[in-house]
Amino acid sequence: MKKNNSKVNKPVIKSSRKPSTKNNKVKDLKADEANKSSSQDSDLNINWYPGHMKKTKEQILENIKLVDVVLEIVDARAPYSTSNPDIDDMVKNLPKVVVLNKEDLADSNKTQQWIEYYKTKGHESAMINSLTGKGLNELLASLNNKSKDLYKKLESKGRRKRALRVMVVGIPNVGKSSIINRIVGKKSAQTGDRPGVTKGKQWVKLKGDLELLDTPGVLWPKIEDQSVAMKLAFLGSIKDQVMEIEEIAMELIKYLKEIKPQIFSERFELDKDISDMEAIAIADFIAFKRGYILPGNQVDYFRLSSSLLMEFRAGKLGTITLETPKSI
C-alpha cells in the first residue's frame, strides 16, 4: 500500500510491516449502508471453519428434537452478521428468542431498530449485558412464561410436567457461556475471549423448571458476503490469525471513518480533516500520537493494530453499531 504523501507538521515516519492492499481492495463504506455496499469488489476472502464445527452442527441437529425453545445469542453491534443463517433451518418451527448481547457496546437507538425488526419476523428478542446482568430478569421472565405454557400443553395431553428445555446457540465469541453463567449464578462453562473456547456439550440444570443446553459456537462453512466476514473479524468471532491483524485494523479504520468519524478526534485526538485521508495515513497519525514507533522512526503497525482492535472490541471507542436492518 502506498502511503499518503500529503505533508504534515510531524516528523516523517517510515513504515515497518506496512499493511498491503494487494489482496484487500475493499471499497469505502457509506454510513448505514455498510452491509449493502462493502466487499462486493473485494479480493478479501476470509474462510475459517475448524473441523469441530461440522461436528457441532451435527450435534445441534441431533439434540434439537429434545428442546422446546432456542436462544440464539448475537452481538448487538452486528446482529445480522453474528447470526448463523443455518440456525433458522436447524430450529425449523421451534420458538426462537434472539438475545442481543453486549448491548452496552452498541448504539441504543439502532439496537431498538433491531428489536422492532425481529418483531416483524415473528421472533422475540431481548437485550442483555452478560457482564452486569442487565436485561437478564426480562429474559428469565420470558422463559418462565414459556415454561407455564409448556405445563398447560402437557396437562392437556395427560402427560407429566417437566422442565422447559432450552438450547443456547450462537457463533464464537458472542458471549453464550457468559450469559449461561449469569443465569446459573456460577461459573458453569469455561469462558474466554478466544473464538470457540467452549467445547463439548453440557446440560445446565437451573433452579425452578429450566434446563439449558450450551453448544460450542458454530460458523457456516463458507461466508459468501465478505462484508459479514470483515465484521466478524472486527468483533473477534474469526481468529485474528486467519488474516493479518494489520489488514483487519486497516479495514476497521475505513469502516469507522464512514460510520463514526468523530472517533478519531475524540479518542485519538487527531486534529485534521480525515475525509480525504487513506486508512494508512490515519493509522500513521494514531501511531504518532500513541508513540507506537520502532527504532529508525518506523511505525509499529502490529502494536497499533492490536491496540485498535482491543479498544474497539472492549467498547473503549464508544457505542458503535456496524449495521442496521435497513443496511442488510
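Starting from 0.36 nm per residue, how many nanometres of slack lie between ASP225 and SER306 once their C-alpha separation is accounted for?
26.7 nm
Rg and Dmax of segment 51-214 over Cα atoms: what are they, in angstrom?
15.4, 48
What is the fewest-to-most order of THR132, THR82 by other Cβ atoms lying within 10 Å of their Cβ?
Ordered by Cβ neighbours within 10 Å, fewest first: THR132, THR82.
What does DSSP give for segment 51-214 in terms of the percent of beta bridges that are antiparallel, rounded to the nearest 5?
Bridges in segment 51-214 are about 20 percent antiparallel.
With only alpha-carbon atoms in the gyration tensor, what are the semi-axes of the equivalent ellipsoid for segment 245-298, in Å, largest first?
19, 13, 9
Arrange the following residues from fewest to most other Cβ atoms within 10 Å of their Cβ: ARG267, ARG160, ARG77.
ARG160, ARG267, ARG77
May I ask which of LYS121/LYS148; LYS148/LYS231; LYS102/LYS161; LYS205/LYS231; LYS119/LYS239 have a Cα-Cα span longer than 30 Å here?
With Cα atoms farther than 30 Å apart: LYS148/LYS231; LYS102/LYS161; LYS205/LYS231; LYS119/LYS239.
How do LYS205, LYS65, LYS146 line up, fewest other C-beta atoms within 10 Å first?
Lowest to highest Cβ neighbour count: LYS65, LYS205, LYS146.
Coordinate-derived values only; no laboratory data. All values derive from a computational prediction rather than experimental measurement. Virtual Cβ from ideal backbone geometry, glycine too; neighbours counted across all protein chains shown.
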